[in-house]
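Below is one structure, written out as structure tokens; comments come after it.
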Amino acid sequence: MKPTSRDFGLGGMNRTIDFLRHKEICIMWLVTIMDGYLCPDSGRVTHKLLSPKLAMENVAKDCGIPFLISIPRNPDVGLLKPYYTEQSHRGSS
């Protein structure tokens, strides 16, 4: 079986978490950055360039680490504000 980019991503994340725990460094939560692309037309997050998408929410859950937020990539800060507002309301309910 040929390893995928997802396999390398999961392996690297698990090694990092193991290292931090071995050094007794507290992991408060997990945040993903540049996770997908926020489409300026639809306002939806797409993952066209990430194949397959690495679901960091599942990695955090499997490791017992709270998942805080996923931050998509978009150079237009004006588009990100409504996205963050929606995410903050979702997290507080």
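Looking at residue 86, is it in a helix (DSSP H, G or I), modelled with pLDDT of 70 or more and touching a Ser or Thr at 6+ places or on another chain (Cβ under 8 Å)? Considered against the rule, which asks whether it is in a helix (DSSP H, G or I), modelled with pLDDT of 70 or more and touching a Ser or Thr at 6+ places or on another chain (Cβ under 8 Å), residue 86 comes out as no. The listed residues are 2, 48, 53, and the only one of them that is modelled with pLDDT under 70 and in contact with a His (Cβ under 6 Å, 6 or more places away or on another chain) turns out to be 53. Is there a residue in the range 67-78 that is part of a strand (DSSP E or B) and modelled with pLDDT of 85 or more? Within the range 67-78, one or more residues are part of a strand (DSSP E or B) and modelled with pLDDT of 85 or more. Within the range 1-26, residues that are under 13 Å from residue 59 (Cα atoms) have Cβ atoms under 8 Å from residues that are of a type in the set (Val, Ile, Thr) and modelled with pLDDT of 90 or more in these pairs: 17/27; 17/65, counting only partners at least 6 apart in sequence or on another chain.
Quick check, is residue 64 at pLDDT 75 or above, on the phi > 0 side of the Ramachandran plot and not hydrophobic (A, V, I, L, M, F, W, C)?
Judged against the criteria, residue 64 is a match.
The values are calculated or read from the model by the stated rules, or taken from the named source; none is laboratory data. All of these numbers come straight from a predicted model, not from anything done at the bench. For neighbour counting, all protein chains shown are included, and Cβ atoms are generated from backbone atoms with ideal geometry for every residue, glycine included.
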